[in-house]
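To keep things clear, I will list the structure first and then write my remarks on it.
The values are calculated or read from the model by the stated rules, or taken from the named source; none is laboratory data. These numbers were taken from a predicted model, which means no experiment stands behind them. Cβ coordinates were reconstructed from backbone atoms using ideal geometry, including for glycine residues, and neighbour counts include every protein chain displayed.
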Amino acid sequence: MPASILDFDTFAHRLRQGLRINSGPLSKNARLVEDLRLDSFDLTELLVVVEELGVRVPEETAESFETVGDVYIEYVRRAEASEPDA
Amino acid sequence: MTPPQPASLLSRLEQAADRGADATFLVTDEPERVPWARVQDDARRLASAMQARGVGPEHRVALLGSTSRLLVTAIEATWLAGAAVIVLPLPTRLGSEEEFRAQTRTRVGLGEVTLTLADPEFVAAGILAPDDPTVTTFGELAAAAVGAAGSSYERPSDDPDATAILQFTSGSTDDPKGVVIPGRCVLDNLAGIADRVPVDQEDDAVMTWLPLYHDMGLVANAAYAMTYGCRLVIAPPARFIGSPAKWMEWMDDFGGTWTLVPNFALSMASRLLVHGDRLDLSRCRCLGSGSEPVSPDVMHRFTDAASAHGLDPKAMYAAYGMAEATVCISVPPMGTGFTVDVVDGVTLESDLDAVRVPPDHPHARALARCGPPVLGMEMRICDPDTGKLQSADALGEIEIRGPSVVPGYFQRPDATAAAFRAGGWLRTGDLGYLAQGDVVICGRLKDMIIVGGRNVFPEDLERAAQAVEGVRTGNVIAFGIDGGRKGDAVVIVAEVKSDDTERVKDDISKAVADVVGLRPEDIVLLRPGTLPKTSSGKLRRSICRSRYRTAELESV
């Protein structure tokens, strides 16, 4: 259960740390494969990072992620849905 | 406990199928549970259809498909037909289709296969040679097996020496070598594992998502369950990759007693177990880490996290193996739990000497103890340069000999001769020593890099990187450093003749991804003439790696 929902910059920072991405700050438009060159381990690691933030992404949804923004939107959507007062 | 050993893989498969256990396929969200006896009936029909296409003893069948009931059936069918199986690797997510096509065709060609079965999408994408009469889909052969072609199975005679598996895990992609694994080696090696971890056919459930083109997935999991007749619960690797929390949930759902993974999966699971729902892992007797360097930190973190879900810490162990030993070289007896040997990390790196120190020593480095060599496996430690025998507790190259050490590489007498010393001792290329009889691995002599349990050769990474515009041809070094999230972290060091360093780094990253499907963790660009080489111009990878570690490389 997420304690609080992270803003995009904090979320992106957690992703950069978890995936050891050496480039500068991540933009919402950064594409996971084409721009960040995440391989399949990295994409799995990405799911682990998101789950550590309290959100489980289903298999089918994970396959459709194209950008960092897609991951963030899914994170917020599921985090909100799991909040008791949402 | 261990049943008497019949003469051949074939007769063992036949006996095991009658024991009443089943295989559960987790290809979709609906598990498909099939008795092994039914798998074997299907496999016998499929074997008959293979025989109608000329497959028999001394032949090889290549299989290209994701983990499914059909793939497992086709592996068994190949063995029932008396032939050897080559399970071909699937494409990596980032890798280019061209590279995948080239690698697949190379292996099919070198394997001199009689028949290739593939998933239809690979045939449609032209991964295999077009109009090749030896290529068909799993589905087409299965359809033929339902008809007349499936009703005339002729059982080959028992031949323990018949090759069961041709495993292409050695050699760079330019020069792959197929490890010839006879059926007798498979049975002997599995008996060696069962001697340490006794099989309980009624109760055991082997849970795996490892790829079947990997020896740990094919031999230590699938063939183990098939030949001992115990339950197998098997998922395609893509399902774990797409949802890593599933592995532990499957262990709970299906009462997994046995599971074996590379280190990176334990690292991920240890973090997920802290957050997820409470699971019941109490049935698990045997949870092993193998096929990439075992991190004691990760083992301890995982054990702590999993204990909260009922895992017995004594179920944890580290194993050591390679395809040239069929799969397993050493494994601790069940119930020992994971243990370490603590040595001076500085002396280890600088003098290649394993000096034992107390755990609170400033240079203390914990190394995984991988148990004693399996039954029948002889081991000695030699000086890698001179071949001189060392004392067992001195650090040196591990050499092995025994009934599950394979005879060599397929049609490569040169490579076979290079791998063995006189007296049938196989050079493993691994550096290690024995701690009170337990194998401890400290590193590798070969420059091979291990990522996610997969062997990656620096030559392949270097070839990819030097094709980039602005990189000086022949002036690239690739190496792995430990401590990466997914095994070794890949580092590329390249001399450049371009000022556009960001573009060059980006292109190298892309080129490496195309060829091996991996993202390098770091790329260092050097001025021309500064890459470490010998006087004859050969690349000095280990010097380069140590300069990288000590930050002595001056990047442009």
*Of all residues in the range B:6-51 being assigned to a loop (DSSP other than H, G, I, E, B) and crowded, with 18+ Cβ neighbours inside 10 Å, which is farthest from the chain's Cα centre (by Cα)?*
B:A21
_Any hit, the range A:12-22, residues being within 13 Å of chain B (Cβ to nearest Cβ), touching a Phe, Trp or Tyr at 6+ places or on another chain (Cβ under 8 Å) and not in a helix (DSSP H, G or I)_ = no
*How many residues are under 28 Å from B:A464 (Cα atoms) and either aromatic (F, W, Y) or modelled with pLDDT of 95 or more (or both) when one looks only at the range B:81-100?*
4
*Keeping to the range B:337-380, report how many residues are in contact (Cβ under 8 Å) with a residue 12 or more places away in the chain and of a type in the set (S, T, N, Q).*
2
_Criterion: in a helix (DSSP H, G or I) and surrounded by fewer than 19 Cβ atoms within 10 Å (Cβ to Cβ) - qualifying residue of A:G54, A:G69_ = A:G69
*Filtered residues of the range B:352-372 (kept if out of contact with any His (no Cβ under 8 Å at 6 or more places or on another chain) and either among the β-branched types (V, I, T) or in a strand (DSSP E or B) (or both))*: B:V355, B:R356, B:A364, B:R365, B:A366, B:L367, B:A368, B:R369
*Counting only residues that are modelled with pLDDT of 95 or more, in a loop (DSSP other than H, G, I, E, B) and not β-branched (V, I, T), how many does the range B:377-410 have?*
6
*asked:* Looking at A:T61, A:T67, can you tell me which residue is within 11 Å of another protein chain (Cβ to nearest Cβ), hydroxyl-bearing (S, T, Y) and under 30 Å from B:V490 (Cα atoms)?
replied: A:T61
*asked:* Looking only at the range B:506-537, count every residue that is assigned to a strand (DSSP E or B) and more than 13 Å from every other protein chain (Cβ to nearest Cβ) and tell me the total.
replied: 3
*Could you tell me which residue of the range B:221-251 is farthest from B:I75 (Cα to Cα), considering only residues that are modelled with pLDDT under 95, of a type in the set (G, A, S) and in a helix (DSSP H, G or I)?*
B:G242
*Give B:V556, B:V515, B:V456, B:V476 a once-over and let me know the one that is at pLDDT 90 or above and of a type in the set (A, V, I, L, M, F, W, C).*
B:V476
*asked:* Among the listed residues B:L218, B:L266, B:L232, identify the single one that is farther than 27 Å from B:V85 by Cα and of a type in the set (A, V, I, L, M, F, W, C).
replied: B:L266
*Using the structure shown, decide if A:D39 is at the interface with chain B (Cβ under 10 Å from one of its Cβ atoms), within 26 Å of B:L273 (Cβ to Cβ) and modelled with pLDDT under 90.*
yes
*Of all the residues that make up the range B:461-505, how many are assigned to a helix (DSSP H, G or I), in contact (Cβ under 8 Å) with a residue 40 or more places away in the chain and either on the phi > 0 side of the Ramachandran plot or surrounded by fewer than 21 Cβ atoms within 10 Å (Cβ to Cβ) (or both)?*
2
*Specify the residue that is farthest from the other protein chains (Cβ to nearest Cβ); the eligible residues are those in the range B:275-314 that are more than 30 Å from B:G480 (Cα to Cα) and not in a loop (DSSP other than H, G, I, E, B).*
B:K314
*asked:* What pairs come out if I take residues in the range B:431-456 that are under 20 Å from B:V490 (Cα atoms) and small (G, A, S) and pair them with residues that are modelled with pLDDT of 85 or more and not in a loop (DSSP other than H, G, I, E, B) whose C-beta lies under 6 Å away, six or more apart or interchain?
replied: B:G443/B:L431; B:G452/B:F264
*Out of (1) in a loop (DSSP other than H, G, I, E, B); (2) under 25 Å from B:K505 (Cβ atoms); (3) more than 8 Å from chain B (Cβ to nearest Cβ), the odd one out for A:V33 is which?*
(3)
*asked:* Please list, ordered by residue number, the helices (runs of 4 or more DSSP H) wholly in the range B:93-171 having 3 or more residues that are closer than 26 Å to B:L10 by Cβ, within 14 Å of chain A (Cβ to nearest Cβ) and free of Cβ contacts under 8 Å to residues at least 24 places away in the same chain.
replied: none
*Number of positions in the range B:238-268 that are at the interface with chain A (Cβ under 9 Å from one of its Cβ atoms), closer than 22 Å to B:A225 by Cα and touching a residue at least 40 places away in the same chain (Cβ under 8 Å)*: 2
_Please verify whether B:G480 is facing chain A (nearest Cβ under 10 Å) and under 19 Å from A:R37 (Cα atoms), treating the condition exactly as stated._
no
